[in-house]
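A.B. asks: Structure below; questions to follow.
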Amino acid sequence: FTRWAPERRYVSLHVEKKIRCNWKIAMEAFIESYHAIQTHPQILSFTGGDNSQYDTFGEHLSRTITAQGIPNPGQADRFSVQESVEAMTGPGGFELALTLTGLTADEITSRQAIGAVRRAEFADFMDSDQLATVTDAETMDSILYLVFPNFAPWGGFQSQITYRYRPDGMNPDRCIMDIYLLDGYPSDQPRPPDAKTIRLDYDQKYAEAEELGMLGALFDQDANNLPEVQKGLMASKTRKVLTASYQELRIRHFHETLARYLQAED
């Protein structure tokens, strides 16, 4: 994280949402990516979720890297390069990328195009020497860590999303999820003030926080699933859960670490 200089960021948005599930269920939804094909159909043109890489580092740290700027593998033939690019950059992003790179529409890849547009945006708060070292992955990919037990920062140079999960009081079936957006600012200017917290109750939608933009709909799709996952777990006759060997590797890693702490207290 030293390279991404989180100390040179400020909280541009903080949304706090109450959800009807245990805090660990909310956390688990964000440490695997294969749910996106059913839960988030609007991102399939630019998110390669099925090919996500999952890593664990010791007992207390894990990570997912999901390539952006490419279609999900099973839907790759449905989208053109321009469609994948402008799903992330907005209208006109493809033509802007051609201008920035000097490449033709037949030569440029979607990731080259998005990387070029993002670097142009980063020039507002990064010096030229640092900007010259920024990789395409650091401009767009989802690089999401979990620091056990409940702190989940994103890496990269784009708006750094950070999650925090915690119980809502003493109720094990309710939780609070915090979403922070951390943005950069020019080195020759003072640090902007942090945004005020937007608090959403159980029955409010993330989309009501207009500052989230398109992310509001994405988070609502996740939040709508979580109470149903809670019900399914509580209805299990065996009281056991089977996890996918790779796609749910991080979930299993988390619970193995948690079990070690709980057993140590016995």
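The values are calculated or read from the model by the stated rules, or taken from the named source; none is laboratory data. What you see is a predicted model, and the numbers here were worked out from it, not measured in a lab. Reconstructed Cβ throughout: ideal geometry from the backbone, glycine too, with neighbour counts over all protein chains shown.
A.B. asks: If you scan region 102-116, which residues turn out to be free of Cβ contacts under 8 Å to residues at least 24 places away in the same chain and crowded, with 16+ Cβ neighbours inside 10 Å?
C.D. replies: If the condition is that a residue be free of Cβ contacts under 8 Å to residues at least 24 places away in the same chain and crowded, with 16+ Cβ neighbours inside 10 Å, then Ala116 is the only one that fits.
A.B. asks: Quick test of your reading of the structure: Ala235 fulfils all but one of (1) loosely packed, with under 14 Cβ neighbours inside 10 Å; (2) at pLDDT 95 or above; (3) closer than 17 Å to Pro172 by Cβ. Name the failing condition by number.
C.D. replies: Going through the list (1) loosely packed, with under 14 Cβ neighbours inside 10 Å; (2) at pLDDT 95 or above; (3) closer than 17 Å to Pro172 by Cβ, Ala235 breaks only (2).
A.B. asks: Something else about it: Give Thr162, Thr133 a once-over and let me know the one that is under 18 Å from the mean Cα position of the chain (by Cα) and either surrounded by fewer than 17 Cβ atoms within 10 Å (Cβ to Cβ) or among the polar types (S, T, N, Q) (or both).
C.D. replies: Going through Thr162, Thr133 in turn, just one is under 18 Å from the mean Cα position of the chain (by Cα) and either surrounded by fewer than 17 Cβ atoms within 10 Å (Cβ to Cβ) or among the polar types (S, T, N, Q) (or both): Thr162.
A.B. asks: Would you point out the residue of region 53-69, among those that are in contact (Cβ under 8 Å) with a residue 24 or more places away in the chain and of a type in the set (D, E, K, R), that is farthest from Ile114 (Cα to Cα)?
C.D. replies: Glu59
A.B. asks: Here is a list: Lys205, Lys240, Lys231, Lys196. Which entry is among the basic types (Lys, Arg) and in contact with a helix residue (DSSP H, G or I) (Cβ under 9 Å, 6 or more places away or on another chain)?
C.D. replies: Of Lys205, Lys240, Lys231, Lys196, the one residue that is among the basic types (Lys, Arg) and in contact with a helix residue (DSSP H, G or I) (Cβ under 9 Å, 6 or more places away or on another chain) is Lys205.
A.B. asks: Kindly provide the set of residues from region 155-173 that are within 19 Å of Ile198 (Cβ to Cβ) and not in a loop (DSSP other than H, G, I, E, B), ordered by number.
C.D. replies: Within region 155-173, Gln160, Ile161, Thr162, Tyr163, Arg164, Tyr165, Arg166, Asp168 qualify.
A.B. asks: Still on this model: Given (1) surrounded by fewer than 13 Cβ atoms within 10 Å (Cβ to Cβ); (2) aromatic (Phe, Trp, Tyr); (3) part of a helix (DSSP H, G or I), where does Phe219 come up short, assuming only one miss?
C.D. replies: Answer for Phe219: the failing condition is (1).
A.B. asks: Within region 3-32, work out how many residues are among the acidic types (Asp, Glu), within 18 Å of the chain's Cα centre (by Cα) and more than 17 Å from Leu144 (Cβ to Cβ).
C.D. replies: 1
A.B. asks: Please verify whether Leu13 is of a type in the set (A, V, I, L, M) and within 17 Å of Leu215 (Cβ to Cβ), treating the condition exactly as stated.
C.D. replies: Judged against the criteria, Leu13 is a match.
A.B. asks: Taking the conditions exactly as written (in contact (Cβ under 8 Å) with a residue 40 or more places away in the chain and assigned to a loop (DSSP other than H, G, I, E, B)), does Asp194 satisfy them or not?
C.D. replies: yes
Yes or no, residue by residue, for (1) in contact (Cβ under 8 Å) with a residue 60 or more places away in the chain; (2) buried (at least 19 other Cβ atoms within 10 Å of the Cβ); (3) closer than 21 Å to Gly216 by Cα; (4) not hydrophobic (A, V, I, L, M, F, W, C):
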{"residue": "Arg9", "(1), (2), (3), (4)": "yes, yes, no, yes"}
{"residue": "Glu16", "(1), (2), (3), (4)": "yes, no, yes, yes"}
{"residue": "Ala26", "(1), (2), (3), (4)": "yes, yes, yes, no"}
{"residue": "Ser33", "(1), (2), (3), (4)": "yes, yes, yes, yes"}
{"residue": "Asn51", "(1), (2), (3), (4)": "no, no, no, yes"}
{"residue": "Ala76", "(1), (2), (3), (4)": "no, no, no, no"}
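A.B. asks: Among the residues of region 136-151 satisfying the criterion of being in contact (Cβ under 8 Å) with a residue 40 or more places away in the chain and over 19 Å from Gln68 (Cα atoms), which is surrounded by the fewest Cβ atoms within 10 Å (Cβ to Cβ)?
C.D. replies: So the residue we want is Val147.
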